[in-house]
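To keep things clear, I will list the structure first and then write my remarks on it.
The values are calculated or read from the model by the stated rules, or taken from the named source; none is laboratory data. Source: prediction; values computed, not measured. Counting neighbours? That spans all protein chains shown, and the Cβs are built from the backbone with ideal geometry, glycine included.
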Amino acid sequence: MHNLSIAQLINQLQTKAVSSRELTQHFLNRIAQLDPGYNSFVTVTAEQALAQADAADARLAQGNAPDLCGLPMAHKDIFCTQGVRTSCGSKMLDNFIPPYSATIVENYAAAGVVMLGKTNMDEFAMGSSNETSYYGPVKNPWATHCVPGGSSGGSAACVAARLAPAATASDTGGSIRQPASLCGISGLKPTYGRISRWGMIAFASSLDQAGLMARSAEDIALLLNTLTSFDAKDSTCVDHPIPDYRADLTKPLNGLRIGVPVEYFGEGLHAGTAAAVDAALKHYESLGARLVSISLPHSSLSVPAYYVIAPAECSANLSRFDGVRYGYRCKDPQDLEDLYRRSRAEGFGDEVKRRILIGSYVLSAGFYDAYYSQAQKARRLIQQDFVSAFQQVDIILGPTSPSPAFEFGSKGQDPVAMYLEDIYTIATNLAGLPGMSIPCGLVDGKPVGLQLIGNYFAESLMLNVAHQYQLGTDFHTLAPAAIS
Amino acid sequence: MEWETVIGLEVHVQLATKSKIFSGSSTAFGAEPNTQACAIDLAMPGTLPVANAEAFRMAVLFGLGINAKINQHSVFERKNYFYPDLPKGYQTTQLAEPIVGPGFLEIETAQGVKQVRIHHAHLEEDAGKSLHEDFHGMSGIDLNRAGTPLIEVVSEPDMRNAEEAVAFAKKLHALVTALEICDGEMSQGSMRFDVNISVRPKGQEKLGTRTETKNLNSFKFMDEAIELEVERQISVLESGGVITQETRLYNGDTKKARSMRSKEDSNDYRYFPCPDLLPVVLDDAYIEAVRQQMPELPAAKAVRYQTSFGLPAYDAGILSADSTTARYFETAAAASGQPKLAANWVIGEVSAQLNRHEISLQNCPVSADQLGGILQRIADNTITAKSGKTVFDALWQGEGQTADEIIAAKGLQVVSDTGALEKIIDDIIAANSAQVESYRAAPDDKKAKMLGFFTGQAMKASKGQANPQQLNAILLAKLQ
Amino acid sequence: MEPSEIEKLAKLARLHIKPEEAAEVAKRIGNVLALMDQLQATNTDAVTPMAHPLDAVQRLRADLVTEPNQREAFMAIAPATENGLYLVPKVID
């Protein structure tokens, strides 16, 4: 049952071939049995999930239930869930039970989707390996001595291990696409402003965007209709027409112009990854698409610009965690300063503290122009590269991450080495463009991801391009040996 | 040495919106602690701000009221600092691109009319309150006020003494209440003044080191705090000392000021544009539409009171200074048809009673309509002016709903019955023969003054209800 | 970057960095800042800073009170409260 596609699962639910309770119980059993080996869930909401499943079954029995009714899925622990602990992977929020839910959580609940639990993640989404979680690292189901990627490592691993048909996730610099790539699944980060950020705990507000992880583009298309809603509670949520994301899946790719950026195939790219991506590009040519070599000349500025802008925004976003109104508070504070400094020093992990310090530094008097303002200008240059590119091409393809999953601890103590993990994914966040990763091969038994970058609000085209590839290939159906 | 004082003001004006600047919580004053603090106000994780249109309308109205340039593109920024009354750890405010650009206000003092320039005014959110009463050595935090919209008005250092600063503050108060963008209740913190003060030798161009006295919430305290600080600075300088740039607090009860706990390293606020809020863009049509809503401002009102009602400039100035007084006066004038009488009463009796009871006109127990009822009866000679005050006091005490009700209940109608008046006067003449003799013997130019004795006696005998004109006529005839 | 600068930043950000960790943190932050030096080398004279990915403008909300009192729910998840107030060590102005 756990190997069925979402289209098959919802068909079985709607035709009552299987009940939501049976399906939910099946995945809960798998989580109980297998997740101790992966640590992909921080919280499993078994009791609540079964109650939601029963409610979904009642709706299905009445007829006219929404398409997704009764389907189980997991939510990244960055999304607030009313009455269910929302930790964001941090000790700071280990005791935080929000009295409200994220808009996207509400959207799925309203559609009758069953929440299996909350998935593990890098602390406050800061990381590319899931090693910064307060709840311990997530293990890659393809090779448990390797990282699953981050920050949405729990969502990626639970989908890859068939512990959930799909999971929500978030992407600030590659946090959906990189773990999707490392875990051999499909992941979509929509256009900035397409999905409501209400109730998603902020890391870097101008870069954060919620998205989805599932095994195939078709699965994502089915889920995206419900993820997307215009939300007046988020000032940056765009009131843009919402298409039916399933509608374009079957369109042929004749004449599609695919941009291939030279900068994404240079030094640092693993040979095996390069070969898998090249093979995928050839497959697209066989589908009638045309490859166009393009240049994104300011690509090298992405990582430095990102590591100014993201820490700057996070340094302010994380100031609210002060031990006063919710979350962790140190024992026996001596005075107000002690309350602040110890609650924050004890509640945050090292990487989070490091980024807060960097952010404070780049915004401080005398450095603002050299760092922050300069980074915002670099951001404009990076965006303009894409605007020019999309005058020549319909979509951009390349590698998602420089190499397949690496071993725990292998990026050592130097944060810069870890930051380069996101070298191909960060630019789309800076520009606000949609990005996607789909499996395109195995290197040494570990998955490799193909990245798709679309123009603003071109999610339908991206899903179409990804789906057409998956119709002719089977990388997205491969499962880690240990679970099959 | 002769010293010159230089004063600039920063004024926080709470806008009279129903809801907060970035959330749908109520801004009503006086609620139980933290009952008007929603998830956004509490900076709960994942919550986001959405800006209130009314705060912008009010800020634009203010800008038009000070003849300022309205910035059609304005940007919210984050001002980062930690304080328990600031839940997000940053204040959302405007810095590089505020909504209101340079403008000015004209003030009038004994030295004449002067223009005070306003550097800019920006929109921002208010903080909560720390309550210092003892909770086992802890402070209590109430976040009801957090997120209340403010405009911060920043003046140029154009004022030269406390009188000018207070005149500016009063003018600003009059303007924001006339525009109905602030309730003007200073005791509730609706307007709070920070005063930047420095002194320099007269004739020197370079400004002296300034201090900032924060959070003054009455004109009286502001006046006192300025006088005190100017005196202090001059005495420090004259005894060879230097002024340190610092923030000071003035205590209106003890009449003393102190330096606030020194912040050893000056705060680095790390401002940057708020990524959760987009630039606010207002077009010409919007600004024009707001301009159309502009109510009559105090200066225009004062002119109208002089030309239409024939009031003296001084009275017109007092009555037009704030919208509550103006509305009260105009309502009483309309209800009675007696603008001049209404003006005298509002400036005289009404304001004296309010002062005596230490309450504001907003809470006056006698409504403007009730006052109009009194004035109407004085004007048509139903009651005397003296009885008018009795009626006013009775309405103040809540003894009835209308002037007519009180007049009837207390039997205050003027005695116009000629027979009754003649009887009273005859009795007085009979009982005071000596005074009658000297009156009759006096030269004509002294008689008018001596008549007062008999008028007084007769009024007293009629319990103040005699029609004064009628009384005079009978007296004059009988004393011939 | 000097460890003393780290302490200054830590104070500004209300974090506590142990003295023995300051040098290590300074070194790591130094590496990250070196990465950023590429930015300085870029000519951006004619470029407008980009604060938001989309050139959108703020939607303004109607002035309506929409939030009910939920004090009890919020206070239930707070570390220290009394009489409807959040408690902190004494605030000194």
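What to note about this one:
- Residue match in the range C:27-34 (condition: surrounded by fewer than 17 Cβ atoms within 10 Å (Cβ to Cβ) and at the interface with chain A (Cβ under 7 Å from one of its Cβ atoms)): yes
- Residue match in the range A:144-165 (condition: charged (D, E, K, R), modelled with pLDDT of 95 or more and touching a Gly at 6+ places or on another chain (Cβ under 7 Å)): no
- The set of residues in the range A:351-379 that are more than 7 Å from chain C (Cβ to nearest Cβ), touching a Ser or Thr at 6+ places or on another chain (Cβ under 8 Å) and either over 14 Å from A:Phe203 (Cα atoms) or in contact (Cβ under 8 Å) with a residue 60 or more places away in the chain (or both) comprises A:Glu351, A:Val352, A:Arg355, A:Leu363.
- Verdict on C:Pro79 being within 7 Å of chain A (Cβ to nearest Cβ) and either modelled with pLDDT of 95 or more or under 19 Å from B:Ala39 (Cα atoms) (or both): yes
- A residue that is more than 14 Å from every other protein chain (Cβ to nearest Cβ), within 23 Å of A:Glu263 (Cα to Cα) and in a loop (DSSP other than H, G, I, E, B) occurs somewhere in the range A:419-429.
- Within the range A:75-112, restricting attention to residues that are among the charged types (D, E, K, R) and part of a helix (DSSP H, G or I), the residue that is surrounded by the most Cβ atoms within 10 Å (Cβ to Cβ) is A:Glu106.
- Residues of the range A:290-327 that are more than 8 Å from every other protein chain (Cβ to nearest Cβ), hydroxyl-bearing (Ser, Thr, Tyr) and buried (at least 21 other Cβ atoms within 10 Å of the Cβ): A:Ser302, A:Tyr306.
- A:Val303 meets all of the listed conditions (1) out of contact with any Asp or Glu (no Cβ under 9 Å at 6 or more places or on another chain); (2) in a helix (DSSP H, G or I); (3) not small (Gly, Ala, Ser) but one, namely (1).
- Single residue of the range C:61-76 satisfying the filter (part of a loop (DSSP other than H, G, I, E, B) and in contact with a helix residue (DSSP H, G or I) (Cβ under 8 Å, 6 or more places away or on another chain)) that is nearest to the other protein chains (Cβ to nearest Cβ): C:Asp63
- Selection count where residues are modelled with pLDDT under 95, part of a loop (DSSP other than H, G, I, E, B) and among the hydroxyl-bearing types (Ser, Thr, Tyr), scope the range B:159-203: 0
- Qualifying position, being over 20 Å from A:His2 (Cα atoms) and either more than 14 Å from every other protein chain (Cβ to nearest Cβ) or under 18 Å from the mean Cα position of the chain (by Cα) (or both), among A:Gly70, A:Gly127, A:Gly37: A:Gly127
- Filtered residues of the range B:279-293 (kept if part of a loop (DSSP other than H, G, I, E, B), exposed (fewer than 13 other Cβ atoms within 10 Å of the Cβ) and not charged (D, E, K, R)): B:Gln293
- Contact map, the range A:259-270: first residue within 18 Å of A:Ala289 (Cα to Cα), second residue of a type in the set (Val, Ile, Thr) and at pLDDT 95 or above, Cβ cut-off under 6 Å, separation 6 or more or different chains; pairs are A:Gly259/A:Val292; A:Gly259/A:Ile294; A:Gly259/A:Val393; A:Gly259/A:Ile396; A:Pro261/A:Ile294.
- The residues in the range B:140-158 that are in a strand (DSSP E or B) and either hydroxyl-bearing (Ser, Thr, Tyr) or over 18 Å from B:Ser25 (Cα atoms) (or both) can be counted, and the count is 6.
- Only strands (runs of 3 or more DSSP E) whose full extent lies in the range B:73-139 are considered here, and the ones with at least 1 residues that are within 30 Å of C:His52 (Cα to Cα), more than 14 Å from chain A (Cβ to nearest Cβ) and of a type outside the set (Val, Ile, Thr) are B:90-94, B:112-125.
- Of all the residues in the range B:18-60, those that are in a helix (DSSP H, G or I) and either facing chain C (nearest Cβ under 7 Å) or surrounded by fewer than 20 Cβ atoms within 10 Å (Cβ to Cβ) (or both) number 3.
- Test: residue in the range B:266-274 that is modelled with pLDDT of 95 or more, closer than 24 Å to B:Cys182 by Cα and not in a helix (DSSP H, G or I): no
- Listed conditions (1) surrounded by 23 or more Cβ atoms within 10 Å (Cβ to Cβ); (2) more than 15 Å from A:Thr428 (Cβ to Cβ); (3) within 11 Å of chain C (Cβ to nearest Cβ) are all met by A:Arg342, apart from (1).
- Of A:Ala65, A:Ala49, all but one fail to be outside any loop (DSSP other than H, G, I, E, B) and at pLDDT 95 or above; the exception is A:Ala49.
- The condition of being in a loop (DSSP other than H, G, I, E, B) and without any contact (Cβ under 8 Å) to a residue 24 or more places away in the chain holds for only one of A:Ile195, A:Ile242, that being A:Ile242.
- Residue match in the range C:46-60 (condition: part of a helix (DSSP H, G or I), out of contact with any Leu (no Cβ under 8 Å at 6 or more places or on another chain) and under 30 Å from A:Ala417 (Cα atoms)): no
- Residue match in the range B:329-340 (condition: surrounded by fewer than 16 Cβ atoms within 10 Å (Cβ to Cβ) and under 27 Å from B:Val176 (Cβ atoms)): yes
- Residue match in the range A:203-221 (condition: in a helix (DSSP H, G or I), β-branched (Val, Ile, Thr) and touching a residue at least 40 places away in the same chain (Cβ under 8 Å)): yes
- Every residue from the range B:83-94 that is over 31 Å from the mean Cα position of the chain (by Cα) and either surrounded by fewer than 20 Cβ atoms within 10 Å (Cβ to Cβ) or modelled with pLDDT under 95 (or both): B:Tyr83
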